[in-house]
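Written below as structure tokens is the structure these notes are about.
The values are calculated or read from the model by the stated rules, or taken from the named source; none is laboratory data. For clarity, every value in this text was computed on a predicted model and none was experimentally measured. Neighbour counts run over all protein chains shown; Cβ positions are idealised from the backbone, glycine included. The protein model used for the area step is the full one, side chains on, heavy atoms only, and it has no ligands, DNA or RNA in it. Shrake-Rupley method; radii C 1.70, N 1.55, O 1.52, S 1.80 Å.
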Amino acid sequence: SVSSQFSQELAFRMGCCTSRGGSYKPDSVWFDDFEKTLPSMFGKRIAITGTTTGTGYVAALACARKGAEVMLLNRDSDRVVTAEAQLRQGCPSASIHNISCDLTDLASVRRAAKALQSLCGPSGGLDVL
């Protein structure tokens, strides 16, 4: 979409961790350093919003590579399917879950919260939101 293209171009010009082009690849000057600074996240459960591009995607990929169980919280779209496939390709052994969540719709947020509770179980919990 025009909005997405504008956002990616703006982020690129501002020096954020994005690249020009159709499919997002976190090949920025900061991504490798960011990932190196993260400790092991093995056994951690992390929910991240907005994981189709940009910072959310980079955070999801880095956390998955560090061993976290990652819950992707996004509105339903083709971009979600693409991003999830890219994340699984980037980290095949990762535990990744896609949960539909539109933050502008409180009923959707409630359903997402219930889905998170179900995934994390009664004795578990979410380590990072």
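Dipole check for the range 26-129: with +1 at the C-beta of Lys and Arg, -1 at the C-beta of Asp and Glu, and the Cα centre as origin, the magnitude is about 320 Debye.
The slack in the chain from Ala85 to Thr104, taken as 0.36 nm per residue of separation less the alpha-carbon distance, amounts to 4.3 nm. Only protein heavy atoms count here; under a 1.4 Å probe, Asp105 has an accessible surface of about 60 Å². For His97, the residues whose amide H sits under 5 Å from its own are Val70, Met71, Leu72, ignoring neighbours fewer than 5 places away on the same chain, with H placed 1.01 Å from N.
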